[in-house]
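The values are calculated or read from the model by the stated rules, or taken from the named source; none is laboratory data. Worth saying up front: this structure is predicted, and the values here are computed from it rather than measured. Glycine gets a Cβ as well: all are built from the backbone with ideal geometry, and neighbour counts include every protein chain shown. All accessible areas refer to the heavy atoms of the entire protein, side chains included, with ligands and DNA or RNA removed. Shrake-Rupley method; radii C 1.70, N 1.55, O 1.52, S 1.80 Å.
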Amino acid sequence: MTVKDITKILEELAPLAHAEDFDNVGLLVGDPNMTVNGILVTLDTLENVVDEAISKKYNLIVSFHPIIFSGLKKLTGSNYVQRVVMKAIANNIAIYSMHTALDNSKNGVNAKICEVLGIENPKILIPKSGTIKKLTTYAPINEAETVKSSLFAAGAGEIGKYSNCSFSLEGSGTFMAGEEANPTIGDIGKVHVENEVQINVIFSFEKEQQILNALFDAHSYEEVAYEISVLQNINQDIGIGMVGTLKTEMDEIEFLEYVKTKMNASVVRHTRLLGKKVKRVAVLGGSGAFAISAAKKAKADVFITSDLKYHQFFEAENQLVLADIGHFETEQFTKDLLVDYLTKKIPNFAVSLSESKTNPIKYL
């Protein structure tokens, strides 16, 4: 398999189009057409991780965090980022990063936290806006089902757990072919009236080109009439953070001790306890201060995240308990998620969980 083959599989789980605009995801180092000998999965791509890949004779590193985040203006080995990139290039090792594309996946970082903590029926905490589009097009009555089937096969018409969703109306379409046209039906220079079906389907924004390709391939007209609009509907499948419920409610201190154990956290920084039972829990891997208001709106009893600053703890406002367990700690199981996913997708391929330690924070 090539690097391109592997990344295509990864993008089924976390399409790069779902990443945040500020992020740097995808293939950061290497040739997409290079044949892959083995895959090393890590949270961070550091020098010791590249050394591990070299020792295992693996030439693709799949990393959660991007080693190149802002632009590189020189490669002199003057800092750890440059040294990692130089060593990877020198040893013909490709580096691929997923970061916020995986954060925004319904089966990604936060789903894994929910799995580890036993949080049931998780829903996305902050759905990503502007990600649902609607296609309206028109086809002759005898072609309508063929066109719809082609659109469905390309990924249109999916709503939650339902597929092949559409709405159709019958009516009359008119057109007149010009002198240089090559009409499938009708005559040049004459107004033609055709009994047509208006077809309406929705689709996730990253599928737009493949949806249009399917439409043009299936339609018989030389010029296909269509409209695409962006919807404001909440997308239940794309977004960051998750909120769900515990099977059995716990006392606050009991729950925080449970989180500390399950998430291998050395320290839990938290706001004052409210003397309430914990049943509804919100989680967001990595830096999650921006989601405090969303956790409150979701009626979470506890919000688990990391990197909270002093004044951000005040935002709890006695409505919930904020629990900061550490950046690495919230994302550490992402590696296991990716290894499990790749192993299932390509069972006879060498995929390994990196043994290198990458957490830069130590606790006394």
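Below is a table of values for the structure above.
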quantity: Any hit, segment 144-163, residues being exposed (fewer than 15 other Cβ atoms within 10 Å of the Cβ), modelled with pLDDT of 95 or more and in a strand (DSSP E or B); calculated: no
quantity: Per-region count, segment 201-222, residues under 16 Å from residue 140 (Cα atoms) and without any contact (Cβ under 8 Å) to a residue 12 or more places away in the chain; calculated: 1
quantity: Filter result for residue 258 (within 29 Å of the chain's Cα centre (by Cα), of a type in the set (Phe, Trp, Tyr) and outside any strand (DSSP E or B)); calculated: yes
quantity: Long-range neighbours under 9 Å by Cβ, at least six apart or interchain, first residue over 22 Å from residue 339 (Cα atoms) and in contact (Cβ under 8 Å) with a residue 24 or more places away in the chain within segment 349-364, second polar (S, T, N, Q) and open to solvent by 30 Å² or more (accessible area, probe 1.4 Å); calculated: 361/266; 363/266
quantity: Members of segment 338-354 found to be open to solvent by 30 Å² or more (accessible area, probe 1.4 Å) and closer than 25 Å to residue 105 by Cα, listed by number; calculated: 340, 341, 343, 344, 345, 347, 349, 350, 353
quantity: Residue that is farthest from the chain's Cα centre (by Cα) [pool: residues in segment 1-17 that are open to solvent by less than 60 Å² (accessible area, probe 1.4 Å) and of a type in the set (A, V, I, L, M, F, W, C)]; calculated: 3
quantity: Pairs, first buried (at least 20 other Cβ atoms within 10 Å of the Cβ) in segment 106-121, second of a type in the set (Phe, Trp, Tyr), C-beta under 9 Å, six or more apart; calculated: 109/64; 109/333; 112/333; 113/333
quantity: Yes/no for residue 40 being touching a Ser or Thr at 6+ places or on another chain (Cβ under 6 Å), surrounded by fewer than 24 Cβ atoms within 10 Å (Cβ to Cβ) and touching a residue at least 60 places away in the same chain (Cβ under 8 Å); calculated: no
quantity: Considering residues of segment 310-334 that are closer than 11 Å to residue 109 by Cβ and not aromatic (Phe, Trp, Tyr) only, the residue surrounded by the fewest Cβ atoms within 10 Å (Cβ to Cβ); calculated: 332
quantity: Some residue of segment 43-58 being in contact with a helix residue (DSSP H, G or I) (Cβ under 8 Å, 6 or more places away or on another chain) and under 18 Å from residue 108 (Cα atoms); calculated: yes
quantity: Which listed residue, of 72, 102, is open to solvent by 20 Å² or more (accessible area, probe 1.4 Å), closer than 30 Å to residue 51 by Cα, not aromatic (Phe, Trp, Tyr) and not in a strand (DSSP E or B); calculated: 72
